[in-house]
Each structure stands twice: as structure tokens, then as C-alpha cells.
1. Pairs please, first residue from the stretch 315-334 and in the same structural domain as Gly356 (by TED's automatic domain parsing) and on the phi > 0 side of the Ramachandran plot, second anywhere and of a type in the set (Lys, Arg) and surrounded by 10 or more Cβ atoms within 10 Å (Cβ to Cβ), Cβ atoms under 6 Å, 6+ apart in sequence or on different chains.
2. State yes or no: is Glu272 under 29 Å from the mean Cα position of the chain (by Cα), at pLDDT 95 or above and not in a loop (DSSP other than H, G, I, E, B)?
3. Does Lys267 meet the test of being out of contact with any Ser or Thr (no Cβ under 7 Å at 6 or more places or on another chain) and either touching a residue at least 12 places away in the same chain (Cβ under 8 Å) or in a loop (DSSP other than H, G, I, E, B) (or both)?
4. For the stretch 23-42, how many residues meet the condition of being under 13 Å from Ile119 (Cβ atoms) and either at pLDDT below 90 or not assigned by TED's automatic domain parsing to the domain that holds Glu159 (or both)?
5. In the stretch 200-232, which residues are without any contact (Cβ under 8 Å) to a residue 24 or more places away in the chain, more than 19 Å from the chain's Cα centre (by Cα) and more than 15 Å from Val345 (Cα to Cα)?
6. Give the residue, chosen from Lys190, Lys170, that is at pLDDT below 80, closer than 21 Å to Gln287 by Cβ and either touching a strand residue (DSSP E or B) at 6+ places or on another chain (Cβ under 9 Å) or charged (D, E, K, R) (or both).
7. Exactly one condition in (1) more than 21 Å from the chain's Cα centre (by Cα); (2) modelled with pLDDT under 90 is not met by Tyr7; state its number.
8. Collect the residues in the stretch 327-362 that are part of a loop (DSSP other than H, G, I, E, B) and not small (Gly, Ala, Ser), keeping them in residue-number order.
Amino acid sequence: MDNNENYFYSFLEPLSKELAKLAYDLENSIYASPRTMLTHSRVFIENILHKVIVAESLINQSPSNLKERLDLLNERGYLTEEIRNALHHIRMKGNQAAHNSRIFRYSEALITWEYLYKIVRWYVEVYGPIHLTVPDYVDPNPLNGQAYESSELEVRLKEMENLLLSSMQKLTDNTSYEEVASSIVDTTQKFEAPGFTSIRTISYKGNTLEVPYFLRDAFLLPQRFDKSTTFLIRLGAEEQARIMSELPKDLEGLHQYVKRYSEKNDKTFFKELKIYIEQEKVRRQLQIQRPGELFFFYQDDYVVVTEKLSNIPLTPEEFHSIPSLLKQLNKNDINIVGQLPQELVILAKYENVGIGTVEKLFRQLKERQTYSEE
């Protein structure tokens, strides 16, 4: 996300993009899930300690776990009492959060966040580049992370931790800092908006697409897939492909669940699924940018539902060439525009109403909106 490029630990990026962005997700976790923040802070300090061990040429003596690394550096006199205590606090709190089922408080996460700052400041001042300046401590914003669900933060943190562990291994193998940075910079996690973290990968014959977190259990409305509508309806009858999480990781052979369908249907559905995901990303971003507003969506287009538009009656006088749809809507007590479903393609479920009729309604809604703004 562009507006998060100035997050607090952005100053760490010249030293380690992975550490900086792990810190970004840890900050988002403080108020979203204290347990998550405490648990994953251990990897943050473990990576810093590993960098110190490499810098002090102790790599051949480096033990495998966090406590032993901490003890090694302490015994060699590289840690001040303040930093040693801060490291032990984060390690022990992280272990508690990982194994204890009790409720963890915001205050515990905040204390750990402040200790992380002390450790980062110490590391940068002792081992970092001379030109790198650590800003004064700033309390985390309580609004940060509120839009993230704790399970999404877990995915983000695990991704970043895997990158950090990979970089630690390469440093252990005597790979230079520059080589490590160049090998992982392209795979560093981006600042996705809440919900945009990739949760799984779906493939078909070597082609892949990423499913964002907000779509993990999305209902796959058959009408959203123009060339695969009947295919999805038949699959749904067999309790297959009704929601995103029901889809197999490889769509090859999906047609075998139903009769009289072929590999061609798998290929077509994969292509339409890719379009569907991209459309949903656009819609999600729109809703983030314009919170609290109501939209009508049709394929890759939308209409903003203003109060004036919302109150227009659904009558033949207002909307032409769709009498059957209007009659059925009125029969179901849907009498004004504001009562229409957000996903207009749902209206194709009505008798003798196809996608063409729904498109006519959408175009007229869009015309009415444009007219009302002039």
C-alpha cells in the first residue's frame, strides 16, 4: 500500500527490507492480536542476533536456538544488561504466547514493542551503517492493523519469517550481505491492503493464480462466470466448487465430478476465475478507498448508489425494456433502486431474465447516476 511506505520502521529498509517489513506486520498485530505479535517477535530478535553473530565472526560457534544464541553473545560480552534483559523478555513472552492459552493483553504487546525498539536502536548504533539514523520512539497507532484479521496476519508473518530464515541460512553459508539482499529483494512481501495477502495458489497446466485472503471463502456465484455458469451449477449440485476454499489446488480434472463435461471446461473456468479474482480485487480496493459507500457491481463496472438514485422507483416508467424483471422484483417487495442486491448479476436468477436484461438495468442505472450529477 502506497500510504504505508512511511511506516515507523521504514528506516531499517537499507539494512534489511525483510526485518523492516516484519516489523510493519508486528506493529499491525499489536491491537489486532497481541498473541500473534508476541509469538512472532521472537523471529525478529533471532534474526538480529544472527546478524550480530555473523558480524562478530562467531558463525562456527553459533548454536541452533534463540536462548543459546543469546547466552553466547552475553557470555562474550557483546550485550549490555539492558539489551540482554530486553531480549530475554521478548523470548519468554513469545514462548508463553506460543504455548499458553491464556488471554494476552495489549499492554504486554506494547511493552514488547518498546523492547524491540531498544534492541533495534542498539543494533543499528553498534553494527549498522554510520549514516543510518534511528528516529525517536513512537507509540504504535491503535488504528493500525484493525482491518487485518489475525489469521491473515499469521500468513503475512509466516511468509516474511521464511524469507528471514532463508537469509539467515545464506549468511551462515558465508554468502555476502549484498548477495543475500539481491537474491530475495524481488520476493519481499509487498504492503498489501488488508485482505490482499495471498492465501493459496491455484494452478492449471503450469499456469497459476493467487487467491487473496478476502476471497478465501467467497461464494462462487455461477452467473459471475459467463462461459462456465452451467458447469458451476452442475458442480455445485455435486457439492463441488461452491466456494473458493472448495476448489482443488489444481483445476486439471475438475470436470470429472460431473458428466458430459471435458478438459475444455476446466481451462475455460480457470481463465474466468482469473478474471473474477482481478475484478474482486478492484471492487475491494474501491470499498477501501470509499468506506461507507454503497455500490452496485456488474462485471468489471460499478455504480455509486447516492440517496437520489436509491429512491428511484423500479417501475416501467423509470426503467424501459425490462418489464418482466420489474414485475418480479415488485412481487418480491423490491420497489426502489436501493433495495436491489449489490451484485446485480444475481437478478439473472429470475424467470426469463438473462444477463442481457441485467445489463440493460445496469446501463440505465449508470445513465441515471450520470444525469443526476449534471
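The values are calculated or read from the model by the stated rules, or taken from the named source; none is laboratory data. Since we're looking at a predicted model, the values are computed, not measured. Neighbour counts are summed over all protein chains in view; Cβ atoms, including those assigned to glycine, are modelled from backbone coordinates with ideal geometry.
1. Ser321/Lys360
2. When the stated conditions are applied, Glu272 passes them.
3. Taking the combined requirement at face value, the residue satisfies it.
4. The qualifying residues number 0.
5. Passing the criteria: only Gly206.
6. Step by step, each of Lys190, Lys170 is checked, and only Lys190 is at pLDDT below 80, closer than 21 Å to Gln287 by Cβ and either touching a strand residue (DSSP E or B) at 6+ places or on another chain (Cβ under 9 Å) or charged (D, E, K, R) (or both).
7. (1)
8. Passing the criteria: Asn332, Asp333, Ile334, Asn335, Leu340, Pro341, Gln342, Tyr350, Glu351, Asn352, Val353.
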